[in-house]
Amino acid sequence: MQRWTYRKPDNLVELFENAVELFAYNHLFGVKTPDGTALRWMTYKQVGDRVDNLRAGLASLGIGKGDAVGIISNNRPEWAIAAFASYGREARFVPMYEAELTKVWEYIIRDSAIKVLFVSTPAIYEKVKDFPKDIDTLEKIILIEGSGQDSMEALELIGAQHPVVSVQPSPYDIAVLIYTSGTTGDPKGVLLSHGNLTHCARSGYHIYPELNSSARSLSILPWAHSYGQTAELYNWFQFGGSIGFMEKVSTLAQDMALVKPVFLIAVPRIFNKIYDGLWARMNAEGGIKKKLFVAAVETARKRRLLSEQGKSDALMNLKFALLDKLVFQKIRAGFGGCLKGALTASATMNPEIAHFFFDLGIPVYDCYGLTETSPACTMNCPAAYRLGSVGQPVERVKVVIDKSVVEEGADDGEIVIYGPNVMQGYHNKPEETKAVMTPDGGFRTGDRGRIDADGFLYITGRIKEQYKLENGKYVFPSGIEEEIKLIPLVANAMIYGEGKPYNICLIYPDFDVLKRYAAAHHLPTDPEQLINLKEVQDHITTEILEYLKNKYGGYEIPKKFVFLHHDFTIENGMLTQTMKIRRAVVTKVYKQEIEQQYS
């Protein structure tokens, strides 16, 4: 692999210790009190002291250079404390999701040769307590929520009595081993170095003026993924910001109000759901509230269009100021009242929804990356953005479009990434590493894209997911699926049609929305009964076809629909941890229903 020159700080230990010194008494982590009415804050120094203690505790267990320390936990202060204690011992950190199959945990622990494993709760401990009997490398399991001899608390107490200074790793040393839950086969362990991760944290900092010591984030995305780590956790140490924690998805609104975030690291789905929810509420309430909302949206749109032409209208500005106070200010209050913007990845924001949030005063900037690129490759930002794109390359990263691997005449190609963000390889998989790396050090993403004249990247599809219909026409299913999922009645969708005369679509409805429709039309509200009604199926079909007709070619729009009673989930193996559809699994489970659509 190419050895890049990394800029200081070039390792996560130095990054963290600098932050503890510079921002010792700033708030760092805020956790909800048991009654859920307030936040209990830890300062940078308090977190630093615990890292020091746990680092020494890990040393007492024999953890040193190159050893693997694992964790099964959602985001919490202890996640970061365990990570930085491990980095200070020159160990590699291996994060895993709480919402994961036990067999996947076992595979990762065995493949990465984890020596010490942290687990968050007694329930998870019960599932993994016998792993050391079958996995030779696993020597110790440490419980975070506990107080016995095998607890994190006990290990920190041991460390406090026998301090051990930190070791600053080389930028080329492996910091984390992140397993990608691919759509096929076993997870692949992505080896990311200290230089990879510090580079990515730096690349997103200076281009966002909102990021300063008063910036607060609500931690929504898992730190078990590189996006949450670099864009939020490591990034925040650079300016002394603070991070509160979302309790769970269902408490997002309450958590927003409590934490009052200034900037969010998120995914488009969150904003899509908020947008759909706002319109659903306005449609349900009707009357003056809806009229004011529609007027605010339309006035903001007209004002923006004038601004794009370099024009302004005093009367319209006055009208907008009034409607902003009556409507938009109340919506912003729902985000805590302090939110100035957000960065989103995993899919491109729908331009209509993106425009809405820009008009609302909460700009949402798309970016692009993969686990293998640590992940930042391109970003939109306040100084340079283009809605519908995923931004321009970040500092020292080069994006190349390889047209040699796509059909002749295409205006796009495979996205190849060069830079100090590119991974060190796949753990224990030299052939897989070789397959995705170019001879000159580029990473083949497998994504299709194009770059406009100003250097903005647009994602056009996924090479492995694209297929041909019977008529030879190419289909990129994920883009169509994302559009369909913007329809309030739809929770999930999968397009199928490889080698077939036409596409079909598997649909899992949003039953909360559907129940409101059922109540308004005097239909049964039981989900099992509801989804089997022809009237309901016809209504959803009409909504989808109407929405897609001006967005896609006729051959791309599905001709038939299969309505599902069960969603695609991580638990049933149909979704990856990053919410990508495992198409082979879904196709196998619903093989009979799919085949019936072509008979």
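Here are some notes:
- Note on region 42-201: with charges restricted to the Cβ of Lys and Arg (+1) and Asp and Glu (-1), its dipole about the Cα centre is near 260 debye.
- The alpha-carbon atoms of region 549-599 define a convex hull whose volume equals 111 cubic angstrom per residue.
- Rounded to 0.05, the FRET efficiency of the LYS103 and GLU139 pair, given R0 = 22 Å and the Cβ-Cβ distance, is 0.55.
- Take the chain with all the other protein chains still there, run a 1.4 Å probe, and you get 43 Å² of accessible area per residue.
- Taking one quarter of the surface of the convex hull spanned by the alpha-carbon atoms of region 41-146 gives a direction-averaged projected area of 6.4 nm².
- Between region 1-37 and region 77-122, the Cα center-to-center distance that results, in Å: 19
- Sites SER312 and CYS338, calculated FRET efficiency, Cβ-Cβ separation with R0 25 Å, nearest 0.05: 0.35
- Length available on full extension from GLU210 to VAL165: 0.36 nm per residue minus the Cα-Cα distance, which gives 12.7 nm.
- Helix 152-161 axis, angle to the chain major axis (alpha carbon atoms, nearest 10°): 30
- In sequence order, calculated HN-Hα J values of region 468-480 (Karplus, 6.51, -1.76, 1.60; Hz; x Gly/Pro): 9, 6, 4, 7, x, 6, 7, 10, 10, x, 4, x, 5
- Peptides 61-69, 340-348, 541-549 ranked from most to least packed by the mean count of surrounding Cβ atoms within 10 Å: 340-348, 61-69, 541-549.
- Based on DSSP H segments of at least four residues, each scored -39500 (n - 2.57), the chain has a per-residue ellipticity at 222 nm of -10500 deg cm²/dmol.
- For the residue pairs LYS32/LYS580; LYS103/LYS464; LYS485/LYS549; LYS273/LYS464, the C-alpha atoms sit more than 21 angstrom apart in LYS32/LYS580; LYS103/LYS464; LYS273/LYS464.
- ALA321 versus VAL31: modelled label distance in nm, points set 7 Å from Cα along the beta carbon direction: 4.7
- DSSP bridge pairs, the chain: antiparallel proportion in percent, nearest 5: 55
- Here the accessible area is traced with a 1.4 Å probe on the protein chains. For the chain, carbon and sulfur cover 52 percent of it.
- Volume of the Cα convex hull of region 502-599, divided per residue and given in Å³: 125
- Net charge in the neighbourhood of VAL31 (other residues with Cβ under 13 Å of its Cβ; Lys, Arg +1, Asp, Glu -1) is -2.
- The stretch between GLU498 and ASN18 holds 167.5 nm of extra length on full extension. This uses 0.36 nm per residue minus the Cα-Cα distance.
- Computed extension length for LYS549-GLU528: 4.6 nm, one decimal, from 0.36 nm per residue of separation with the Cα-Cα distance subtracted.
- Mean silhouette area of the chain, derived from the convex hull of its C-alpha atoms and averaged over all directions, reads 28.9 nm².
- Calculated FRET efficiency for the pair ARG269/LYS464, C-beta based, R₀ 25 Å, to 0.05: 0.70
- Calculated from the alpha-carbon coordinates, region 105-259 shows an Rg and a Dmax of 18.1, 52 Å respectively.
- To the nearest ten degrees, helix 268-285 and the longest principal axis of the Cα atoms of the chain are 40 degrees apart.
- Region 330-462 - charge dipole about Cα centre, Lys and Arg +1 at Cβ, Asp and Glu -1, debye rounded to 20: 560
- Charge dipole of region 24-127 (Cα centre as origin; +1 on each Lys and Arg Cβ, -1 on each Asp and Glu Cβ, all else neutral): 180 debye, rounded to the nearest 20.
- The long axis of helix 12-22 is offset from the longest Cα principal axis of the chain by roughly 90 degrees.
- When the Cα gyration tensor is reduced to axis lengths a ≥ b ≥ c, the ratio a/c is 1.5 or higher for region 172-302, and with a/b above b/c it is classed as prolate.
- For the chain, with +1 on Lys and Arg beta carbons and -1 on Asp and Glu, the positive-most of GLY70, ALA453, LEU486 along the dipole: ALA453
- Once both labels are positioned 7 Å from their Cα atoms along Cα-to-Cβ, the gap between TYR474 and HIS566 label points is 3.5 nm.
- Distance between the modelled labels on ASP411 and ARG110, one decimal in nanometres: 5.0 nm (7 Å Cα→Cβ projection).
The values are calculated or read from the model by the stated rules, or taken from the named source; none is laboratory data. Quick caveat: nothing in here was measured; it's all calculated off a predicted structure. Note: ideal-geometry Cβ built from the backbone for every residue, glycine included; neighbour counts use all protein chains shown. Note: areas computed on protein heavy atoms with side chains; ligands, DNA, RNA excluded. Shrake-Rupley method; radii C 1.70, N 1.55, O 1.52, S 1.80 Å.
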